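Just below is one structure, and these are the notes that go with it.
The values are calculated or read from the model by the stated rules, or taken from the named source; none is laboratory data. Quantities reported herein were computed from a predicted structural model and do not represent experimental measurements. Counting neighbours? That spans all protein chains shown, and the Cβs are built from the backbone with ideal geometry, glycine included.
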């Protein structure tokens with residue numbers, strides 16, 4: 001096959017993919033109700049351990065791949081970390097990054113994932129420093145204020161979101 005034919009085939013395939021994507025309705029970003037909650041006093045290690053324990057229990061319950069769970073304070077700094085046996089090493093930093101993104105922007109990382117999935121102008125979110133567009137980071141809220149965040153990594157994005165939400169729910 002000549003280079004010219006290869007380029008023509010690639011251009012045709014790109015056109016077909018773009019046309020199919022243009023016809024498919026884009027998923028809508030998750031809308032938040034009003035502004036995100038204000039920051040409160042950062043959580044302490046015993047509270048962080050409580051959230052992590054609930055997250056690890058959820059990961060075991062749903063059969064998620066071995067997970068890493070990170071809890072950060074309101075500044076995005078690690079307060080507590082736990083990983084299950086045989087967790088892939090790459091999940092360690094991903095869990096921390098998800099937690100950091102959730103606390104810095106005071107919203108679940110699923111919001112960023114949904115925005116990116118919508119494509120178009122939403123892809124600009126990829127240029128925002130520390131905005132991780134993968135489910136699994138959730139702010140920790142006590143008394144209506146953000147006191148930290150939890151991040152989970154090791155399973156699918158959906159499983160990580162469920163695991164992190166279980167940890168966050170343990171503090172309500």
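Looking across region 33-53, the residues that are surrounded by fewer than 21 Cβ atoms within 10 Å (Cβ to Cβ), assigned to a helix (DSSP H, G or I) and touching a residue at least 40 places away in the same chain (Cβ under 8 Å) come down to 47, 50, 53.
Yes/no per residue for (1) without any contact (Cβ under 8 Å) to a residue 24 or more places away in the chain; (2) out of contact with any strand residue (DSSP E or B) (no Cβ under 9 Å at 6 or more places or on another chain); (3) assigned to a helix (DSSP H, G or I):
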{"site": "132", "(1), (2), (3)": "no, no, no"}
{"site": "148", "(1), (2), (3)": "no, no, no"}
{"site": "151", "(1), (2), (3)": "no, no, no"}
{"site": "155", "(1), (2), (3)": "no, yes, no"}
{"site": "159", "(1), (2), (3)": "no, no, yes"}
{"site": "162", "(1), (2), (3)": "no, no, yes"}
{"site": "167", "(1), (2), (3)": "no, no, yes"}
{"site": "171", "(1), (2), (3)": "no, no, no"}
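Is it true that some residue in region 78-92 is in contact (Cβ under 8 Å) with a residue 24 or more places away in the chain, on the phi < 0 side of the Ramachandran plot, crowded, with 19+ Cβ neighbours inside 10 Å and part of a helix (DSSP H, G or I)? So far as region 78-92 goes, yes, one or more of its residues are in contact (Cβ under 8 Å) with a residue 24 or more places away in the chain, on the phi < 0 side of the Ramachandran plot, crowded, with 19+ Cβ neighbours inside 10 Å and part of a helix (DSSP H, G or I).
One residue is enough: does region 65-77 have a residue meeting the conditions modelled with pLDDT under 95, assigned to a loop (DSSP other than H, G, I, E, B) and touching a helix residue (DSSP H, G or I) at 6+ places or on another chain (Cβ under 6 Å)? So far as region 65-77 goes, no, none of its residues is modelled with pLDDT under 95, assigned to a loop (DSSP other than H, G, I, E, B) and touching a helix residue (DSSP H, G or I) at 6+ places or on another chain (Cβ under 6 Å).
Within region 107-145, being touching a helix residue (DSSP H, G or I) at 6+ places or on another chain (Cβ under 7 Å) and loosely packed, with under 14 Cβ neighbours inside 10 Å holds for 123, 126, 130. There is at least one residue in region 15-32 that is in a loop (DSSP other than H, G, I, E, B), farther than 19 Å from residue 134 by Cα and modelled with pLDDT under 95.
Evaluation of residue 102 against the conditions (1) under 23 Å from residue 34 (Cβ atoms); (2) part of a helix (DSSP H, G or I); (3) out of contact with any strand residue (DSSP E or B) (no Cβ under 9 Å at 6 or more places or on another chain) shows that the sole unmet condition is (3). Looking at residue 74, is it crowded, with 16+ Cβ neighbours inside 10 Å, over 16 Å from the mean Cα position of the chain (by Cα) and under 14 Å from residue 147 (Cβ atoms)? So residue 74 fits the description; yes.
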